[in-house]
Amino acid sequence: MKQLGMLYFFCGKMGAGKSTKSKQMAVDKHAVLLSEDEWLSSLYPNQIESFEDYLKFSAQIKPLVRDHVQNMLSVGTNVVMDFPANTQKQRKWFLDMVLDVNSGHQLVYLNLNTEQCLRQIARRRNEQPERADFDTEAVFTHVTNFFEAPEASEGLNILEFREEE
């Protein structure tokens, strides 16, 4: 029986450290790392200026990404996806993707509170000034309105990390 790859994906509020954790996990799991931010900025340079733009372009790449990831999983390659899994609908997309190819998965839930996330966003704004327009408390508040913590009833293999104060 051939060995299938494992899919790792992330849930957490903006600023929880999903991108940082995904890079670390790709190394630890000898996995291919796919970053939604990288795909979107390469395919749609200077075209994402609002949350609505992001939603539109993110939806456009999903069928291609899905096929690409399923092909990698099918040949035994582990994949780490730095794509958001912050709503039930987003998580269902990941789960359907692995169920279609009978691959394993793990949802990494970075469970940080609002204050911790805002501190990390402020730090990131200083370290990456090009993100200053997006990395604001107002954007955090807007996107956090859509956040849904994962629940066992979703049928996911959840690994939860809590940051200590």
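FYI, it's all coordinate maths here, none of it is from the lab. Owing to the predicted nature of the structure, the values given are computational and were not obtained by experimental measurement. Quick reminder, even Gly has a Cβ in these numbers, built from the backbone with ideal geometry, and neighbours come from all protein chains shown.
Quick notes on this structure:
- Whole-angstrom gap from the range 1-48 to the range 121-165, using each part's C-alpha centre: 14 Å
- The Rg/Rh ratio for the range 89-165 is 1.06, where Rg is the radius of gyration of the alpha carbons and Rh is the Kirkwood radius.
- Spin-label pair residue 133-residue 147: with each label point 7 Å from Cα along the Cα-Cβ axis, the two points sit 2.4 nm from one another.
- Label-point separation in nm, residue 101 to residue 64, each point 7 Å along Cα→Cβ: 1.7 nm
- Length released on extending from residue 43 to residue 161, taking residue separation times 0.36 nm less the Cα-Cα span: 39.3 nm
- Only Cα pairs under 8 Å and 6+ residues apart enter the sum, and on that basis the relative contact order of the chain stands at 37 percent.
- Charges were assigned to the Cβ only: +1 to each Lys and Arg, -1 to each Asp and Glu. The resulting dipole of the chain about its Cα centre is roughly 400 debye.
- Cross-link table 29/56; 13/56; 29/89, entries beyond 22 Å C-alpha to C-alpha: 29/56; 29/89
- Fewest-first sequence of 57, 10 by Cβ atoms within 10 Å of each Cβ: 57, 10
- Whether the range 1-48 is rounded, prolate or oblate, judged on the alpha carbon gyration tensor where a/c under 1.5 counts as rounded: oblate
- Tensor-based shape of the chain (alpha-carbon gyration tensor, a/c under 1.5 rounded, otherwise prolate or oblate): prolate
- Per-residue [θ]222 nm for the chain (sum of -39500 (n - 2.57) over DSSP H runs n ≥ 4, rounded to 500): -15000 deg cm²/dmol
- Here 162, 91 are placed in order of increasing Cβ neighbour count within 10 Å, fewest first, which gives 162, 91.
- Gyration tensor verdict on the range 10-81 (Cα atoms; rounded if a/c is under 1.5, prolate if a/b is larger than b/c, oblate otherwise): oblate
- Ranking of 8, 44, 109 by neighbouring Cβ atoms within 10 Å, starting from the fewest: 44, 109, 8.
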